[in-house]
1. Here's a check for you: in segment A:180-225, which residue that is within 30 Å of A:ASP267 (Cβ to Cβ) and facing another protein chain (nearest Cβ under 9 Å) is surrounded by the fewest Cβ atoms within 10 Å (Cβ to Cβ)?
2. I'd like the residue in segment B:245-268 that is free of Cβ contacts under 8 Å to residues at least 40 places away in the same chain and not assigned by TED's automatic domain parsing to the domain that holds B:ASP302 and, out of all such residues, is farthest from B:ASP667 (Cα to Cα).
3. Starting from segment A:70-88, keep only residues that are within 15 Å of A:LEU46 (Cα to Cα), then list their pairs with residues that are β-branched (Val, Ile, Thr) and part of a helix (DSSP H, G or I) whose Cβ atoms are within a distance under 8 Å, requiring at least 6 positions of separation or different chains.
4. Please specify each residue of segment B:632-652 satisfying the condition of being surrounded by fewer than 20 Cβ atoms within 10 Å (Cβ to Cβ) and β-branched (Val, Ile, Thr).
5. Condition first: part of a loop (DSSP other than H, G, I, E, B) and in contact with a strand residue (DSSP E or B) (Cβ under 8 Å, 6 or more places away or on another chain). Now tell me which residues in segment A:297-327 satisfy that.
6. Of all residues in segment A:447-477, which are over 24 Å from A:LEU512 (Cβ atoms), within 14 Å of chain B (Cβ to nearest Cβ) and not basic (Lys, Arg)?
7. Look at A:THR67 and say whether it is within 24 Å of A:GLU208 (Cα to Cα) and touching a residue at least 12 places away in the same chain (Cβ under 8 Å).
8. For segment A:420-431: of the residues being touching a strand residue (DSSP E or B) at 6+ places or on another chain (Cβ under 6 Å) and not in a helix (DSSP H, G or I), which is farthest from B:GLY538 (Cα to Cα)?
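The values are calculated or read from the model by the stated rules, or taken from the named source; none is laboratory data. Quick caveat, the model's predicted, so the values are computed rather than measured. Every residue, glycine among them, receives a Cβ derived from its backbone with ideal geometry; neighbour counts consider all protein chains shown.
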Amino acid sequence: MTVDPITLEVIRNRLIAASGDIRRVVERAAYSPVLYEVIDFSCALLDAEANLVAETPGLPIFLANLTYSVRSTYETIGRDNLKPGDVILCNDPYNGGFTHCPDIVVLCPAFYEGEIHGWAAFRGHTVDMGGIYPGGWYANTTEVFQEGFRLPPVKIWMEGNPNEDVFRLIRANTRVPVSVLGDIRAMIAGVRTGSQRLLDVIEKYGLETTLGSIAEILEQGDTLARAALSRIPNGTYSAQAVLDGDGNDDAPLSQKLLLKLKITVEDEKMIVDFTGTSPQSIGPMNTPEPSTISAARYGFKIITTPYLPSNEGSFRPLEVIIPEGSILKPNFPAATAMWPTPITTIPDLMLRAVAPAVPEQVRGGHFGDSMADFIYGTDPRTGQYYVCAEGDAGGYGGQHNRDGAPALFSMALGDTYNVPVEVAEIRYPWLVERFELNQDTGGPGKYRGGLGARRDYRVIGHDAGMTVTTDRVLNTPPWGIFGGKEGRPSITRVYRTDGGEEEWRKVSNLPLKDGDLVSFQTGGGGGYGSPLERDPEMVLQDVINEYISAASARDDYGVVIKEPEMQVDQEATQKLREEMKASQGG
Amino acid sequence: MYRLSTDVGGTFTDGVLLDESTGQIRLSKVLSTPANPAIGTIECIERFDVSLEEVSFLAHGTTVVINALIEGTGAKTALITTEGFRDILEIGRSNRLEMYDALYRKPDPLVPRHLRFGIKERLSAAGEVLVPLEVGNLDQIIADMKRHQVEAVAVCLLNAYSNPEHEDKIGKLLQERYPEVTYSLSHLITRRYYEYERTSTTVQNAYVTPLVGSYLRHLEEELAKRSFENVLQIMQSNGGIMTSTVARNMPIAMVESGPAAGAIGASQLAGLIGYENVIAYDMGGTTAKTAIITGGMPETTDTYAVFERPILLPVTDLREIGAGGGSIAWIDEAGALHVGPQSAGAAPGPACYKGGGTEPTVTDADLHLGFLNPDYFLGGEMDIAPELAQEAVGKIASYYDISVDEAALGIIRIVNSNMSALLQSISVKRGYDPREFALVAFGGAGPIHAAAIAQEMNIPTVIVPLNSGVFSAWGMLMADLRHDFALTHIQAVDEAEVGQINAMFKDLESRLREIFKQENVPDEDIVVTYEMDLRYLGQEHSLTVAVPGNFTEADKATAGQAFDDLHYSVYGHNAPEESKVMVSLKAIGIGKVKKPELQAIPKGGSTPASDAEIGRRRVYRGEGQYEEFSVFRRDKLLAENVIHGPAVVEETTATTVVESDQVCNVDQYGNLVINRK
């Protein structure tokens, strides 16, 4: 049926608000800060056929992948075996969960007159679901069995009542049952509210009008995505990146994992083809297929309709091809703990591929990895064991008319916040000695890449341990585009009290001694356009502001600065730039 | 004697004059003068034509701070901070607010990197001096600042919240060696941790200090010329007022002054007529703002920001959406109809304003439907054109091939639905049930839509105050002086020494009293209350509970229990057995101001006088149905009059709609109280 445009808009806003209410209820009731501070979750309303109807932004790499969890539920439990008042839970990376074990999915069907007419869904990170060490993030597992307790879709509530068997199973398999079960209860409350909100709409506007509106909303999502695609010239666009691999630097499990993609834009359709991507890794850098699709959808969204709400229709013009048994579609029981690492690069790579077609919508590469790090030990001030889990923020690439953004969290993360220095010094037995932008990390360009940052922690009064996993260092530093240069890649340096200095990309459980200094140094973004075309006055300002050194001004940008008056030496600059162009040309 | 208030808004500057001897209220409304809001303010005051000698109290709310922050017209500002941390201001919290925008960047910092100076010094979180302040560094910094002709300096050192010694020393040296700049020290603005937020607040304060200084000087000179002899009071974002002397050093505290005044007005009014829990609903030209008031006070938040730049001070917690009278109805590429957030603003304004606007707005739809009276807009002072409204709304109608009436009704339904969705989510987030609240509606467009929104949300009561179109200005007359001081001190409550807690409270209190002394508030009018931010061990988020200023051993348990209860009501669970940690101590100082008494209006019978009902209007209700609305003049209504919906009540600055299944009672003060039949 056709719904009038007014009722349609009212219902659209109600459904978007309903998916927001799932988030609000969970935030209100959740136990652990990882849910409400790191915003490591996503929530959505779906129709009975598992099409995404409305979504509330959370972690962007979770975009639109709850669809697959609903499908797994139908396949595993059977549609006919679902009853009003049931709530489903799953976390299996190969059945319903599709990320890694700590991520829990909770789903609640909306029954109206005895039939399912939609779903409320939530995916969120819990603190611990078992596995070899606490936390679920491992650089060197080789099978999913090592990574935690797995649940395929199961009924955690049955016909309006908690299924205590499942609660007991989870309690027995997590190291922190109070917090994990508390978070799961919050998620259940969230999806039950979302499901009820959908029923409220059906009750108020009628089933036929509601379903008609949902169909129309998806149709409009499709139309808007096609309209955006029609503004991208037809063609085939390719890009690839080589990841550094998993395991530790001193015991690698894989090396040079190839991420390859080919984007075909044909009228109002886009195909993203990952053929040629490396076979699955023996280590945990494997991304289950639905999460790879999610990453491709993320790239598609930022290229087409970044400011519009998402629904299944928005992704109808997108087709994704993923080779079987690759790191982007691994076969059971490949390990998946580091599933976000490969796909953090996918949306970035998609921007790189389409750059020739839409030069004003893209930027140079970003620093490329969330740089997850963990420091842990016993706080000498309290005698309590502590674990600090963080990501680090780095630079984004230059744009067609301005420099790149400095020090933002990676594309895998969204509205995530760093830990303030003043908070860190209270919470952890460290002294933060520096938190600054790191000079010369931004890739030179007509528009420079944003700077990476440097954050230095000195361990005080105790010995500690550290795990860090950083990719995009050796093989694919942050790339420049249209003649822009690479940004400097990320690295972790350890300065020992005895004067020793070490560099690490990936390392597990590295001992830190009292007084050692750990310096997390994130990469900068890649440049946009040739640095020889950068306005010399902007180069001068960068030197005055110490974003770049005078040496970089001369060597990368061909700009000679007269000191101490701090002026551009026009003549010398012109001469130097001509020489540099000539030598590049030759 | 008179009491007077002026509220500068984006479009209009409103004034309210209260005659203390009779309780009578007069209003004035002039166009704002954004280039120098003082001009419009003086014009607004002159309209009353009273001698300012007879004005005993003058409160002023202004957009001068927010405009400077939005337009980037503040002073050339430098920042002095701890060596190694000068980029805190630029890095911020590293969050990507627009996560799907590939080209997202945060707004540039207000201080460029070469004017951000690191100085050698270091304090620990506990306030111990780890590296003494190297004063020698400062001479070089001052030389650099002079070379760059810096006009204002912000000083924010790491951990200075726990020990202000180094900041104080820098302040003293700046005063001696660089007297021509104004400077702001972070610990005088707030002594809470979170270095980025504190730095951002201090920088924004420094940035607007020179400008606000000259604005206030200009305004006070103009007032003095007109024989004003009393103290100019400035409305703050926290819902209180402060004297202009204090405002000169803390201008950032006035960033949201107008909207805060509306919330204060709503809470004061609700209290006077017996409602504890209300939702203030202020719908103006471009946005609709709401604030939740429980227990008689608007809630404040610490997470306010302008242009993503945080301000770590208590600001009245206002949620807004881009849905005002000027919000534009538009059709997207897929053919879907939306309303807002784009607004026709003051220029060109809604199509019916005849300012050249051709896009259909909410006001055009209200006019077309018959909710607004073309002959009585702003009491007949403004000439509006229904045919232009019809033409504009007609564009929507012809696109969908529906009647203009249907299109106009559709625009209103969408805007009301967006509003109720916002109210619902605020309530869900805080764990409130909207059915336990009354809606206080004001602003130019609030009372037209309030009744329908209340109906949709099952809110039982709508209150439309007298003079609802200038309600924020009225609210300023009801505000007390208020100052907030906070101090971060993290320690398990059980381990804390009562003596130390009381010493910290005493310190906060003495700072409050010092400020009140500058403001000439007599001791007997000062009320200080104390609060503690608590959390469970291991949690990051804290909640605020009230505690006595003379804190005893027994109060530890009382405060802990109050926290457990609050945690349950906010988050739906608690853990009484867990140890509690205090995060911040807060003192709130109120300097009581004598409030005007509400003036009762003459009493009438339940049936309004015959001259109150001025006609009937046919309004489209959907599905081809029209309904006759009775039209009343609000100034002819008497206390105890009862109006049965459907009805429209018109006044100079606003129009109230009473829906068919609602009944409206005029209370003893002339407020309209609308309930379900």
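1. Looking at residues that are within 30 Å of A:ASP267 (Cβ to Cβ) and facing another protein chain (nearest Cβ under 9 Å), I get A:GLU219.
2. Narrowing segment B:245-268 to residues free of Cβ contacts under 8 Å to residues at least 40 places away in the same chain: B:247-248, B:267.
From what's left, not assigned by TED's automatic domain parsing to the domain that holds B:ASP302: B:247-248.
Details: B:ALA247: 38, B:ARG248: 41 Å.
Going through the qualifying residues, I end up with B:ARG248.
3. As it stands, the answer is A:VAL87/A:ILE188; A:VAL87/A:VAL191; A:ILE88/A:THR73; A:ILE88/A:ILE77, since those pairs meet every condition given.
4. Within segment B:632-652, B:VAL642, B:THR652 qualify.
5. Applying the first criterion (part of a loop (DSSP other than H, G, I, E, B)) to segment A:297-327 yields A:305-311, A:316-317, A:322-325, A:327.
Of everything in segment A:297-327, those that are part of a loop (DSSP other than H, G, I, E, B) and in contact with a strand residue (DSSP E or B) (Cβ under 8 Å, 6 or more places away or on another chain) turn out to be A:PRO309, A:SER310, A:ASN311, A:PRO317, A:ILE322, A:PRO323, A:GLY325, A:ILE327.
6. Across segment A:447-477, the qualifying residues are A:TYR447, A:GLY449, A:GLY450, A:LEU451.
7. Values: within 24 Å of A:GLU208 (Cα to Cα): yes; touching a residue at least 12 places away in the same chain (Cβ under 8 Å): yes.
Here the answer is yes, as A:THR67 does meet what is asked.
8. Going through the qualifying residues, I end up with A:LEU431.
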